Amino acid sequence: IQGLADAFGVSAMPVREALHRLSETGALSIVAGRSVGIPPLSGARLADLRRVRIEVEGLAAEWAAADASPALLKRLDALIARMESFTSGVDMKPFVPANREFHFEIYRASGSECLLAMIEPLWLQIGPYLALLRGSGNWRTANLQHGRIRDALARRDGPAARAALSADIDEAAAILQKLIST
C-alpha cells in the first residue's frame, strides 16, 4: 500500500492516513468493509477527468512557458530521453513514473501552488489507469507530444504548450476510452 502511495506522490505518512487521503481524492475506494481497491473507470468518469485535466493542466503549462528556464528544459530533455529508452526496452514499467515526473516538472514551473494542489488529485485518480496504455503504442506518441510541449516551453509560447499538453491528454484518453469500452 505504501508503494502505491509513493507511486502517486503521497508523502511518507502512516498507511491508514495515506489510505484515507487516497480514498478522499477518489484514487482508491473502500471495497467490502476493510478492503481497498481502485475505483472502476467509466466512460463518463474518464471524459470528466479529461475535460478537467485539459483545463487545469493546460493552464499550468501555459503559465510555465512564461518563465521556462534552461534548467527546466534540461530536466525535461533528460526525462524525454529516459521515457524514450523505456518505450524501446523490455521493461516499460518505469515509463509511468517518468511520465508523471515530466508533467509535474512543468506544473511546478507554473509557479502556482493552487494549480498544483488541483492537479495532484486528478493524477491520483487517473494514474492507476495509465499503465493500461503500455501495449497500445501511446507511450511513443506521448513522447512526441512531450517533445512538442518542451519545444513550446523553450519558445515561451504558452498557447502552444497548452495545446500540446491537451493533445497528450486527449490521445491517452481516447485510447483508454477504447480499452474500457471493450
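Within region 67-77, the residues that satisfy the criterion of being open to solvent by less than 60 Å² (accessible area, probe 1.4 Å) and in a helix (DSSP H, G or I) are Ala71, Leu72, Leu73, Leu76. Checked against (1) within 14 Å of the chain's Cα centre (by Cα); (2) buried (at least 19 other Cβ atoms within 10 Å of the Cβ), Glu120 passes all but a single condition, namely (2). Each residue in region 151-171 was checked for being open to solvent by 50 Å² or more (accessible area, probe 1.4 Å) and part of a helix (DSSP H, G or I), and 6 of them qualify.
All conditions but one from (1) surrounded by fewer than 18 Cβ atoms within 10 Å (Cβ to Cβ); (2) closer than 20 Å to Lys74 by Cβ; (3) of a type in the set (A, V, I, L, M, F, W, C) apply to Ala131; the one that does not is (2).
Answer yes or no as to whether Pro121 is modelled with pLDDT under 90 and in a helix (DSSP H, G or I). No; evaluated as a whole, the condition is false for this residue.
State all residues of region 114-135 that are among the hydrophobic types (A, V, I, L, M, F, W, C) and free of Cβ contacts under 8 Å to residues at least 12 places away in the same chain; if no residue qualifies, say none.
Of all residues in region 114-135, those among the hydrophobic types (A, V, I, L, M, F, W, C) come to 114-119, 122-124, 126, 130-133.
Passing the criteria: Cys114, Ala117.
Looking at Ala44, Ala61, Ala98, just one residue is open to solvent by less than 20 Å² (accessible area, probe 1.4 Å), part of a helix (DSSP H, G or I), closer than 24 Å to Leu179 by Cα and not charged (D, E, K, R), and that residue is Ala98.
Is it the case that Ala142 is among the small types (Gly, Ala, Ser), over 23 Å from Leu41 (Cα atoms) and crowded, with 20+ Cβ neighbours inside 10 Å? Reasoning before the result, please.
On the way: among the small types (Gly, Ala, Ser): yes; over 23 Å from Leu41 (Cα atoms): no; crowded, with 20+ Cβ neighbours inside 10 Å: yes.
So Ala142 fails the test.
Against the list (1) more than 19 Å from His146 (Cα to Cα); (2) surrounded by fewer than 18 Cβ atoms within 10 Å (Cβ to Cβ), the condition Glu55 fails is (1).
The values are calculated or read from the model by the stated rules, or taken from the named source; none is laboratory data. Model, not experiment: these values are computed from the prediction. Backbone-built Cβ (ideal geometry, glycine too); neighbour counts: all protein chains shown. Side chains are part of the model used for accessible areas, which takes the heavy atoms of the whole protein and leaves out ligands, DNA and RNA. Shrake-Rupley method; radii C 1.70, N 1.55, O 1.52, S 1.80 Å.
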